[in-house]
Amino acid sequence: MRVLAAIVLAPLAIALAYAGGWLWAFLVTLVSIGLFAEWLMVVGAGSVALTACGTIVIAIMGFCVTFGGLKTAVITGFVGGAIVTLIARAKFVWAASGFAYASAALLASILIRQDPVNGFVALMFVLLVVWATDIGGYFAGRGIGGPKLWPRVSPKKTWAGALGGFAASLVVAAGFAACGLGKATPLLLVSAVLSVVSQLGDLFESAVKRRFGVKDSSHLIPGHGGLMDRLDGFVAAVLVAWIIGFLRHGVHSAGSGLMVW
């Protein structure tokens, strides 16, 4: 089921990433809403009012940033985050964290793709690095085993898996360089950073679930669990990727900032 789900979902994600525009933004908005809803369920704050409020705010943010209203999206996010915090009451820290988590995933994923020159290439680079890290880590961990990476948080993850995923991500960078899609040394360094960040994102999500005694964030994706279970590494990696691109080439050329050195 895990493989079959990946065979269906990966091409769909790639196709919509290639299409870009409102199609990619629509997918990202739906996924971000799902991330927020799952987060609330994991932390035990999934009330109807809180979920509905976050859903509306994230949907408005997605619409605004898609059609050129980034400032409006950011302002909406701050106001909406404050409302979410007020509604959550005793769970306000966790609710606010979940809203920030989903909003960051939304904005970074859309803004990287909006780069008119290198948006698609940059987005595919991030996706493939994360996927390679996940797949390489899975097979290295299963095949080699050995000492656990952080057993208190994630009992199944091993150092062999972490290093295997890291090595697989470097292969992706080498492949992009070989295809003339960037310089080898910078891409290898960026890939290394994103691979480590992706694995840290995975551990962060595991720590949150462990804190609340939850095994899977949901059962939405057969063989994978929920959106948080599948996208924890990507959320962390795409946010750091956008920050790198933004610092180098600005808000609207983050894709080029990530790929062109």
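The values are calculated or read from the model by the stated rules, or taken from the named source; none is laboratory data. In this text the structure is predicted, and so the values were computed from the model without any measurement. Here the Cβ is made from the backbone with ideal geometry for all residues, glycine too, and neighbour counts use every protein chain on show. Ligands, DNA and RNA are stripped out before the accessible areas are found, and what is left, the full protein with its side chains, is counted by its heavy atoms. Shrake-Rupley method; radii C 1.70, N 1.55, O 1.52, S 1.80 Å.
Quick look at the values:
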read-out	value
Close pairs from the range 95-115: first part of a helix (DSSP H, G or I), partner charged (D, E, K, R) and open to solvent by 10 Å² or more (accessible area, probe 1.4 Å), Cβ under 8 Å, at least 6 apart	none
Any chance A6 is open to solvent by less than 20 Å² (accessible area, probe 1.4 Å) and not basic (K, R)	no
Selected residue (criterion: modelled with the lowest pLDDT) from residues of the range 45-81 that are in contact with a helix residue (DSSP H, G or I) (Cβ under 7 Å, 6 or more places away or on another chain) and in a loop (DSSP other than H, G, I, E, B)	G46
Counted residues, the range 207-248 - those being in a loop (DSSP other than H, G, I, E, B) and open to solvent by less than 30 Å² (accessible area, probe 1.4 Å)	4
Hey, I135 β-branched (V, I, T), in a helix (DSSP H, G or I) and crowded, with 23+ Cβ neighbours inside 10 Å or not	no
Scope the range 168-201; condition surrounded by 14 or more Cβ atoms within 10 Å (Cβ to Cβ) and of a type in the set (S, T, N, Q); matching residues	S169, S191, S195, S198, Q199
Per-region count, the range 215-246, residues aliphatic (A, V, I, L, M), modelled with pLDDT of 90 or more and more than 17 Å from Q114 (Cβ to Cβ)	7
Failed item in (1) closer than 28 Å to V193 by Cα; (2) under 20 Å from the mean Cα position of the chain (by Cα), with R142 passing the rest	(2)
Unique residue being in the same structural domain as D216 (by the TED database), within 19 Å of the chain's Cα centre (by Cα) and open to solvent by 20 Å² or more (accessible area, probe 1.4 Å) when the list is F120, F26	F120
Odd one out for W159, checked against (1) more than 19 Å from A105 (Cα to Cα); (2) surrounded by 22 or more Cβ atoms within 10 Å (Cβ to Cβ)	(2)
Those residues of the range 80-104 which are crowded, with 24+ Cβ neighbours inside 10 Å, within 12 Å of the chain's Cα centre (by Cα) and among the aliphatic types (A, V, I, L, M), in sequence order	A102
Pairs with Cβ under 8 Å, 6+ apart, first in the range 162-173 and assigned to a helix (DSSP H, G or I), second among the acidic types (D, E)	G165/D134
Number of positions in the range 94-144 that are over 18 Å from W242 (Cα atoms) and charged (D, E, K, R)	2
Hits in the range 249-261 (condition: surrounded by 15 or more Cβ atoms within 10 Å (Cβ to Cβ) and part of a helix (DSSP H, G or I))	H249, H252, S253, A254, G255, S256, G257, L258, M259
Answer from A49, A73 - the residue that is closer than 30 Å to A90 by Cβ and touching a Cys at 6+ places or on another chain (Cβ under 6 Å)	A73
Residue within the range 93-105 that is touching a helix residue (DSSP H, G or I) at 6+ places or on another chain (Cβ under 6 Å) and closer than 30 Å to C179 by Cβ present	yes
